[in-house]
Structures are given as C-alpha cells and as structure tokens.
1. Could you give every pair whose Cβ atoms fall below 8 Å, whose first residue belongs to the range 2-27 and is without any contact (Cβ under 8 Å) to a residue 24 or more places away in the chain, and whose second residue is of a type in the set (Asp, Glu) and open to solvent by 10 Å² or more (accessible area, probe 1.4 Å), counting only separations of at least 6 or pairs across chains?
2. What do you reckon, is residue 37 within 26 Å of residue 134 (Cβ to Cβ), open to solvent by less than 20 Å² (accessible area, probe 1.4 Å) and of a type in the set (Ser, Thr, Tyr)?
3. State which residue is farthest from residue 29 (Cα to Cα) when the search covers only the range 79-136 and only residues that are assigned to a loop (DSSP other than H, G, I, E, B) and hydroxyl-bearing (Ser, Thr, Tyr).
4. Evaluate the following for residue 90: is it surrounded by fewer than 17 Cβ atoms within 10 Å (Cβ to Cβ) and either basic (Lys, Arg) or out of contact with any Cys (no Cβ under 8 Å at 6 or more places or on another chain) (or both)?
5. For the list (1) without any contact (Cβ under 8 Å) to a residue 24 or more places away in the chain; (2) on the phi < 0 side of the Ramachandran plot, I need the number of the one condition that residue 75 fails.
6. Please go through the range 95-116 and pick out each residue that is open to solvent by less than 50 Å² (accessible area, probe 1.4 Å) and of a type in the set (Ser, Thr, Tyr).
Amino acid sequence: MEERPFSDISYEQFLNEEKLMGSRCKKCGALFVPPRSICIKCYSSEMEWAKMEGKGKLAAFTCIAVGPPFMIQEGYDRKHPYCSGVVELEEGVRVVARIEEVNTTKPETIKIGNPLTVEFLHRGEGENLRTFLAFK
Ligand SMILES: [Zn+2]
C-alpha cells in the first residue's frame with residue numbers, strides 16, 4: 001500500500017496530510033505510533049502502515065506555562081498555558097499530543113478519561129510547514 005519508510009519523517013509527512021499513521025508488526029501485531037521500523041517486541045522488521053481512527057481518551061496531561069519559543073510565538077505564556085497530554089487511542093496505543101479547547105488556567109476542570117478526537121494543527125508555510133498532532 002504505502003511505500004514510505006517507517007520513520008519520523010514519514011510520520012510528519014502523514015500528519016501534514018492529516019493522517020495519523022503508525023506501523024504494525026506483521027509477525028506479532030504490535031502497533032507503534034510514531035512508527036518504528038523494527039518491532040521492539042519480537043524484533044521483526046516486517047512492518048505495515050496502519051491508519052489510526054483518531055479517537056481516544058485522555059490518559060494524562062500537564063499544563064505548561066513556560067513553553068519552547070514556537071509556542072511562545074503562538075501566544076502561550078504564564079497567563080495562557082497550553083496543555084500537553086497523553087492520549088490513549090482506541091487502537092490501544094498512547095501518543096503525546098497537544099490538548100486543545102481545555103481551560104488550562106483551571107486544570108482541575110480537565111478530566112482524565114475524557115473522549116477526544118484528533119486535530120491537525122498546521123503551522124508555518126512551504127518548507128517550514130509543520131503539523132502538530134492535537135486532540136480536542
Ligand atoms: Zn513484532
């Protein structure tokens with residue numbers, strides 16, 4: 001199906017195309033998001049692409065008030081923290097992503113187990129285009 005290498009670069013290309021992709025081991029069925037080229041469970045290198053539905057639930061999160069420069073550029077600071085979370089996908093894999101549309105000034109209102117849907121945040125243009133994985 002897809003001939004791309006199982007790498008972070010392919011993963012980011014897929015994100016640009018609004019696809020959340022992982023690799024599945026053909027031998028033991030283990031799933032990896034972002035993709036791995038070698039299975040860490042059975043050491044097989046026979047992988048295939050697997051598309052995630054993009055639905056999951058919040059497993060853990062943290063609100064970050066002092067972020068990296070590109071987040072500060074987006075307007076996040078001490079008064080406007082952003083939320084970074086771990087999302088457990090329906091496929092059973094956990095991914096780290098930005099959590100949108102939550103009240104980061106009141107972290108107690110953010111609930112573990114909340115159902116979430118994937119969102120792709122496109123930033124920059126041309127060669128600098130990057131897409132961030134987010135859920136809301
Ligand atoms: Zn395997």
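1. Filtered contacts from the range 2-27: 25/46; 26/46; 26/48; 27/46.
2. On the way: within 26 Å of residue 134 (Cβ to Cβ): yes; open to solvent by less than 20 Å² (accessible area, probe 1.4 Å): no; of a type in the set (Ser, Thr, Tyr): yes.
No; evaluated as a whole, the condition is false for this residue.
3. First, the residues of the range 79-136 that are assigned to a loop (DSSP other than H, G, I, E, B): 79-81, 90-93, 100-106, 110-114, 124-125, 129, 136.
Subset that is hydroxyl-bearing (Ser, Thr, Tyr): 104-105.
On the way: 104: 37, 105: 41 Å.
Per the stated criteria, the residue is 105.
4. Judged against the criteria, residue 90 is a match.
5. Unmet for residue 75, out of (1) without any contact (Cβ under 8 Å) to a residue 24 or more places away in the chain; (2) on the phi < 0 side of the Ramachandran plot: (2).
6. Scanning the range 95-116 gives a single hit, 104.
The values are calculated or read from the model by the stated rules, or taken from the named source; none is laboratory data. Just so it is clear, the structure is predicted and the values come from calculations on it, not from any experiment. Here the Cβ is made from the backbone with ideal geometry for all residues, glycine too, and neighbour counts use every protein chain on show. These accessible areas exclude ligands, DNA and RNA; they are computed on the full protein's heavy atoms, side chains included. Shrake-Rupley method; radii C 1.70, N 1.55, O 1.52, S 1.80 Å.
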